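So the structure is just underneath, and the comments pick up after that.
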Amino acid sequence: MYVVTVTFEPHPGQMDAFLPLMLDNARRSLGDEPGCHRFDVCLSADRNSVFLYELYTDEVAFAAHVETPHCKAFDVAVADMVRQKTVNIYELV
């Protein structure tokens with residue numbers, strides 16, 4: 001199994017527009033992709049960043065997720081909202 005963590009830092013004032021789009025993308029990943037087993041979302045106390053945790057069967061499943069239409073559409077929709085995006089992938093042993 002592979003854990004993928006993503007930290008999004010939206011531009012100031014963009015969180016209310018960004019968060020629903022991000023949650024929709026995560027729900028679609030869980031519902032539409034057989035390789036996605038779980039997601040959790042945490043919003044920082046200061047509302048300056050969002051931490052996303054996803055669990056995938058393997059690295060191939062995550063690579064397939066990045067190529068899905070809903071993931072690509074999400075990236076386009078939030079391109080002007082996000083100041084920084086940090087992705088980390090860890091293999092569970």
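Viscosity 1.002 mPa s, temperature 20 °C: Stokes-Einstein D of the range 37-89 from its Kirkwood Cα radius, in µm² per second?
Numbers: Rh = 12.7 Å.
After rounding, the answer is 169 µm²/s.
Local charge for Asn88 was computed over the other residues whose Cβ lies under 15 Å away, with Lys and Arg +1 and Asp and Glu -1, and equals -4. Please report, as a whole percent, how much of the solvent-accessible surface of the chain comes from carbon and sulfur atoms (probe radius 1.4 Å). Its accessible area is 56 percent carbon and sulfur atoms. Measuring with a 1.4 angstrom probe and ignoring ligands and nucleic acids, Leu92 comes out at about 90 Å² accessible.
Where does the chain land on Rg(C-alpha)/(2.2 N^0.38 Å)?
Compared with the compact-globule rule of thumb, the chain sits at 1.04.
Rounded to the nearest 0.05, what FRET efficiency do Phe51 and Ala77 have when you use their Cβ-Cβ distance and R0 = 25 Å?
Details: r = 19 Å, r/R0 = 0.78.
Given R0 = 25 Å and the Cβ-Cβ separation, E is 0.80.
In the calculated pair distance distribution of the range 1-55, what percentage of Cα-Cα distances lie above 17 Å?
36
The values are calculated or read from the model by the stated rules, or taken from the named source; none is laboratory data. Remember, it's a predicted structure, so these values are computed and weren't measured experimentally. Note that each Cβ is placed from the backbone with ideal geometry, even for glycine, and that neighbours are counted across all protein chains shown. In case anyone asks, the SASA skips ligands and DNA or RNA and just uses the protein heavy atoms, side chains included. Shrake-Rupley method; radii C 1.70, N 1.55, O 1.52, S 1.80 Å.
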